[in-house]
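Quick note: the coordinates plus some simple rules give every number you see, no bench work behind them. Note that this is a predicted model, so its numbers are computed, not measured. Please note: Cβ atoms are built from the backbone with ideal geometry, for glycine as well, and neighbour counts cover all protein chains shown.
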2 protein chains.
Amino acid sequence: VRVLIAGVGLIGGSLALALRARGTHVTGHGRDATRLAAAVRAGVLDAICEDLAEGAAAADVVVLAVPVGVMRAAMAALAPGLAPGTLLTDAGSTKGSVIADARAVWGDVPANFVPAHPLAGSERSGFEHARADLFSGRRVVLTPLPDTARGALAAAHALWEEVGAIVVEMTAPAHDAALAATSHLPHLAAYALMASLARRADASALWPLAAGGLRDTTRIAGADPALWRDIALANREALRTALREYRAVLDGFDAALERGDGTALAAVFEQARAARAALSGP
Amino acid sequence: VRVLIAGVGLIGGSLALALRARGTHVTGHGRDATRLAAAVRAGVLDAICEDLAEGAAAADVVVLAVPVGVMRAAMAALAPGLAPGTLLTDAGSTKGSVIADARAVWGDVPANFVPAHPLAGSERSGFEHARADLFSGRRVVLTPLPDTARGALAAAHALWEEVGAIVVEMTAPAHDAALAATSHLPHLAAYALMASLARRADASALWPLAAGGLRDTTRIAGADPALWRDIALANREALRTALREYRAVLDGFDAALERGDGTALAAVFEQARAARAALSGP
């Protein structure tokens with residue numbers, strides 16, 4: 001099996017490392033030739049391809065690990081080389097937008113395209129942070145369409161299971177609504193928290209007083225702004241719904257504080273604590 | 001030096017461990033006799049006192065490490081036994097409220113009372129999580145008043161420096177405004193995030209899809225609801241100010257999403273990322 005990975009960052013680089021460790025030949029494509037050459041020297045890639053269509057024509061599996069904001073352009077570039085028997089999959093954080101991108105490029109979504117989202121991102125980006133075990137035990141969500149080919153779907157399962165992931169299937173709208181809540185909204189919350197502190201007149205006096213709680217709560221505010229701008233826009237309807245629900249809880253906090261209603265505050269805090277306990281892990 | 005600690009939880013228990021490790025005799029007071037006895041067996045305390053006034057009369061230093069919601073009651077209970085030469089200090093998360101409590105109990109704030117806040121809390125509570133090195137390298141904020149006795153202030157510095165803390169001084173209003181931003185607001189943000197997810201119709205489907213970002217962002221939503229209800233109420237004016245600024249940024253996100261304004265989103269994300277980078281530590 002020969003795999004082409006477009007976009008050799010944290011996700012694409014980690015997939016490359018994991019596949020190479022299992023003997024798979026991995027070719028990489030990216031915008032920056034200098035960084036790609038560095039990725040080859042670092043042992044992340046076997047080879048580089050400059051032309052996506054040529055690379056796709058030579059591959060059994062094509063993985064688009066580019067930011068969602070450039071997914072459509074990458075699809076358009078590889079489309080002339082994509083054979084019907086080649087698995088095309090992606091690693092985008094939003095699935096409705098990626099399906100819309102495919103529809104825009106091909107008219108219909110190709111039967112050999114299996115939209116996928118490995119839940120393994122972090123605030124770090126770049127292949128320098130890539131790890132062969134990044135997907136080990138992590139979930140990968142596949143959002144096949146009614147017309148997705150059974151063979152392509154099976155190949156997508158096999159690809160991600162080979163690198164240790166737990167593969168689940170759901171519809172793209174269900175994925176996008178869930179990820180708006182579990183990932184995209186937390187990023188907005190963390191960015192907003194950090195930005196609101198930065199705007200204060202006493203901002204420079206705040207940082208020495210920051211304890212672990214603020215650090216935890218804002219860790220993902222260190223994530224790449226351009227990447228998250230694109231994700232937010234790509235999933236904006238579901239994200240606005242989640243954001244509305246979040247703001248409603250905050251509005252309720254403000255009202256409870258105004259009237260000194262500790263009972264109301266404690267009830268929501270308790271609901272939150274119980275839900276947090278239902279999340280596994282620390 | 002004989003120290004009395006009222007409230008043997010994470011903070012009081014850690015202070016007890018740190019002082020005992022340096023040879024200081026530590027007596028503990030608390031509401032729950034069974035838990036206090038367990039703290040003695042666990043080596044956290046030398047002795048127990050049942051009556052706060054008696055305990056205060058026998059101590060050189062009295063530390064109120066009780067939740068801010070019961071600070072006034074604890075002061076009233078110990079007041080009959082407090083000698084003018086005894087250092088009284090506390091570990092409350094809000095300082096304006098604690099000073100108001102002292103004024104309510106004594107008429108004027110006693111010259112031997114030095115309000116203090118060790119920035120060492122976590123989402124864990126109880127002496128079972130206490131550690132002798134909890135304060136090592138952590139900041140402790142003292143908020144002395146114009147009438148605070150120099151000797152008491154020096155003794156408070158010595159107490160916290162002895163257990164490894166970096167002691168800083170500021171006014172109570174400056175402390176409360178800063179901590180509203182760096183600690184109390186992040187707790188509201190985390191509680192609200194977790195509560196808003198818990199209220200969704202698809203809540204049970206969300207938890208398996210939660211990645212590290214959600215876990216980090218909501219870790220402090222595991223904190224004690226009653227404790228944080230009291231802190232929020234005790235600092236509600238400064239907290240409402242910080243909450244208003246936070247909600248304004250979120251309102252801006254929603255407006256930017258509505259009009260598809262990626263430039264506006266990315267600008268705030270970048271401001272947040274730069275500020276997060278200014279916070280030391282991971």
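Placing unit charges on C-beta atoms (Lys and Arg positive, Asp and Glu negative, everything else neutral), compute the dipole magnitude of segment A:234-281 about its Cα centre in debye, rounded to 20. Here segment A:234-281 has a charge dipole of around 220 debye. Each other copy places its own label point for A:Glu128 at 4.2 nm from this one, sorted shortest first, where the point lies 7 Å along the Cα-to-beta carbon line. Distances, shortest first, from the label point of B:Arg199 to those at the same position in the other copies read 2.3 nm; the point lies 7 Å along Cα to C-beta. Taking Cα centre as origin and charging only the Cβ of basic (Lys, Arg, +1) and acidic (Asp, Glu, -1) residues, the dipole magnitude of segment A:32-147 rounds to 400 debye. The share of Cα pairs per 10 Å bin across chain A, counted from zero up to the longest distance, runs 6, 26, 32, 19, 11, 5, 1 percent. Past the 15 angstrom mark, what percentage of all C-alpha to C-alpha distances in segment A:183-246 do you count? When every Cα pair of segment A:183-246 is considered, 55 percent fall beyond 15 Å. When Rg and the Kirkwood Rh are both derived from Cα coordinates, the Rg/Rh ratio for segment A:158-207 amounts to 1.30.
Computed from the Cα positions only, the extents of segment B:1-156 along the three principal axes stand at 39, 32, 29 Å, in decreasing order.
Averaging sequence separations of C-alpha pairs under 8 Å and six or more residues apart, then dividing by the length of segment B:87-188, give the relative contact order as a whole percent.
Numbers: 140 pairs, mean separation 31.3, N = 102.
Taking the mean separation of contacting Cα pairs over the length of segment B:87-188, I get 31 percent.
With the charge dipole of chain B set up from +1 on Lys and Arg Cβ and -1 on Asp and Glu Cβ about the Cα centre, the Cα lying farthest toward the positive end among the listed residues B:Ala272, B:Leu159, B:Gly262 is that of B:Gly262. Using Cα centres only, tell me the gap between segment B:85-119 and segment A:1-77 in whole Å. Taking the Cα centre of segment A:1-77 as reference, the centre of segment B:85-119 is 62 Å away. Charge dipole (Cα centre; +1 on Lys/Arg Cβ, -1 on Asp/Glu Cβ; no other charges) of the protein assembly as shown amounts to roughly 280 debye.
Summed over qualifying helices (DSSP H, 4 residues or more, each -39500 (n - 2.57)) and divided by its residue number, chain A shows a 222 nm mean residue ellipticity of -15000 deg cm²/dmol. With semi-axes defined as the square roots of five times the eigenvalues of the C-alpha gyration tensor, the equivalent ellipsoid of segment A:128-282 measures 35, 20, 16 Å, largest first.
Binning all Cα-Cα separations of the protein assembly as shown at 10 Å, short to long from zero, yields these whole-percent fractions: 4, 17, 24, 20, 15, 11, 6, 3, 0. Inter-copy label distances at A:Arg150, shortest first and taken from points set 7 Å along Cα to Cβ: 9.0 nm.
Averaged over all directions, how much area does the convex hull of the C-alpha atoms of segment A:1-86 cover when projected, in nm²?
For segment A:1-86, the mean projected area of the Cα convex hull comes to 5.0 nm².
For segment B:83-126, what mean projected area does the convex hull of the alpha carbons give, in nm²?
On the way: hull surface 15.6 nm².
Projected over every direction and averaged, the Cα hull of segment B:83-126 covers 3.9 nm².
Each other residue within a Cβ distance under 10 Å of B:Met71 adds +1 if Lys or Arg and -1 if Asp or Glu, for a net charge of -2. Pairwise Cα distances in segment B:42-85 exceed 11 Å in 68 percent of cases.
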